[in-house]
Amino acid sequence: MTESRIATELYIDGKWAPAESGATFTVINPATEQPVAEVADGSVADAERAIRAAAAVQRDWARTAPRERSEILRRAYELILDRTDELAAIMTAEMGKPLAEARGEVAYGAEFFRWFSEEAVRIGGDHTTTGDGKNRIIVTREPVGPCVLVTPWNFPLAMGTRKIGPAIAAGCTMVFKPAEQTPLTALALAGILEEAGLPAGVLNVVPTSNPGAVVRHWLEGGIARKLSFTGSTDVGKLLLTQAATTVMRTSMELGGNAPFLVCADADIDRAVEGAMIAKLRNMGETCTAANRFFVHRSVAEEFATKLADRMTSLTVGDGAADGTDIGPLIDRAGLEKVARLVADARDRGARVVTGGTAVEGAGYFYPPTVLTDVGPDAELMSTEIFGPVAAITVFDDEEDAVQAANDTEWGLVGYVYTQDVDRAFSLSEQLEVGMVGLNAGLVSNPAAPFGGVKQSGLGREGGRIGIDEFLEYKYLAIPRS
Ligand code: SIN
């Protein structure tokens, strides 16, 4: 891929331009540690221009016909699919996921635009009468106003479309700061929306190597009305304090520590299949990744052996190469964290069934790893691993398994494998999470409300309620004569 084919400038008020300071930062390919592109490095001054551009067109954009907003999203959906290979190549280069997975993300990400193109024309209200019969109540929905969108590097396209889609559908304008590791996909997406007819100023993209200052400026500046953030719980907590200064609406998709329960009556082959997805999708770099496996003693040996066999058969390498199943982790810090967590678990008595040692040489590669006999005190039991490491703990009593599964500050998703319908519902109800994969290793879908409880976040993205996060209620009191 040559730099000339990819957008690298800021996108503000419908114009592509360098940062005001002229500064750039380098995007690195995590498979090769080589530069992919130099990208304009937005500053607070650029951020200010971006939010002002968004605010300037908010009123007109809110008045745009819903069908028009819908059709822009629909055209963008089709353009994304037409450019699947191009977008997948950009994602693989800047983030590392294998091309097949990157193509999968293109389809997943595009679907948010199709979904919200359909929701744009279905924004309804309510009409009722007060209890005493004296007043009419008419409830309308209005766009919340200019939004701040902050996305992570693990799904560079889908986390953008999951926020931009409902914002456009609802009639909100926005400023968008993609992760500094993966700005190229976000800029390519802006180009597609421009081509689809999105008016100037509705979407403004500011990549930056100084995200703290840029986002803070937006949150505390008093112009933006809404923050939609996906990222770590620690950063999310900081942004919540900044958003509080202007009492801003927030949607927060934060970390996870997903339990994966395999009951004595589970179909083990199916559980292994689900574990492969729940653990290895995106090299384990997802907030929905199964972090802790709780497996009934009677099936633990079979599950661990079959999972290790499947994992051992995978090819680790550059995501751009044919036949690669597992790409690199995002950066050296990510790799070192995974290696440290595995070493800690081993020191505390865990057994390595497969993997367990970082791949030497260029790139941030860690092989799929299965650990058994992982104790509750191992650090990875209370830390998002964000890598391809399955940590297995055995249980005898289901109540103990549920208690251990819930023994975390997070509550994004849980996975349950059982063939008994009563047990399936009972365990799903007992897990303190926002989503449950019941004999399923993947819960993410644009038609479903994605989100968690406890410190995994606030609000939901996708599904019928996803657009609500970008709308305010207004109620009109009208006396009846
Ligand atoms: C995330 O890891 O942040 C999102 C995962 C998904 O959409 O499946």
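The values are calculated or read from the model by the stated rules, or taken from the named source; none is laboratory data. Here the structure is a predicted model, which means the values were calculated and not measured. Ideal geometry is used to build each Cβ from the backbone, glycine not excepted, and the neighbour counts take in all protein chains shown. Please note that ligands, DNA and RNA were not included when accessible areas were found on the heavy atoms of the full protein model with its side chains. Shrake-Rupley method; radii C 1.70, N 1.55, O 1.52, S 1.80 Å.
From most to least packed by mean Cβ count within 10 Å, the peptides 168-177, 412-421, 60-69 give 168-177, 412-421, 60-69. Per-residue 3J(HN,Hα) values for region 304-309, derived from phi via the Karplus relation 6.51 cos²θ - 1.76 cosθ + 1.60 with θ = phi - 60°, read 5, 5, 5, 5, 5, 4 Hz in sequence order (x marks Gly and Pro). At the residue level, residue 380 shows approximately 0 square angstrom of accessible surface with a 1.4 angstrom probe and all protein chains present.
Dipole magnitude for region 305-368: computed about the Cα centre from +1 point charges on Lys and Arg Cβ and -1 point charges on Asp and Glu Cβ, it is near 380 debye.
Taking all protein chains together and rolling a 1.4 Å probe, residue 298 ends up with roughly 80 Å² accessible.
Remark: relative contact order (the chain) = 18 percent; criterion is Cα-Cα distance under 8 angstrom and separation of 6 or more residues. Counting only protein chain heavy atoms and rolling a 1.4 Å probe, the accessible areas of 217, 127 rank, largest first, as 127, 217. Helix 44-63: angle to the longest alpha-carbon principal axis of the chain, degrees 0 to 90, nearest 10? In the chain, helix 44-63 runs at an angle near 60 degrees to the longest axis.
Proximity of backbone amide H atoms, modeled 1.01 Å from N, is registered between residue 19 and 10, 41 at under 5 Å, excluding neighbours fewer than 5 places apart on the same chain.
All C-alpha to C-alpha distances of region 258-445, sorted into 10 Å bins beginning at zero, yield P(r) values of 10, 41, 36, 12, 1, 0 percent in whole numbers. Sorting 481, 209 by accessible area puts them as 481, 209; the probe is 1.4 Å, largest comes first, and only protein heavy atoms count. The alpha carbons of the chain give a radius of gyration and a Dmax of 23.0, 80 Å, in that order. Take residue 312: with every protein chain present and a 1.4 Å probe, its accessible area is about 90 Å². Normalised by the number of residues in region 1-67, the average gap of Cα pairs under 8 Å and 6 or more apart makes the relative contact order 29 percent.
Between residue 251 and 227, 228, 229, the built amide H atoms are under 5 Å apart, and every one of these is 5 or more places off in sequence or on another chain. Residues 185, 241, 140, 408, ordered by accessible area of protein heavy atoms at a 1.4 angstrom probe radius and largest first, appear as 241, 140, 408, 185. When you restrict to C-alpha pairs under 8 Å that are six or more residues apart and normalise by the size of region 339-466, the relative contact order lands at 16 percent. Take the residue pairs 15/279; 337/454; 97/454; 454/474 and return only those whose Cα atoms are more than 32 Å apart. Table pairs above 32 Å Cα-Cα are 15/279.
For the chain, the longest principal axis of the C-alpha atoms and the axis of helix 99-119 are separated by about 40°. Proximity of backbone amide H atoms, modeled 1.01 Å from N, is registered between residue 295 and 262, 393, 394, 395 at under 5 Å, excluding neighbours fewer than 5 places apart on the same chain.
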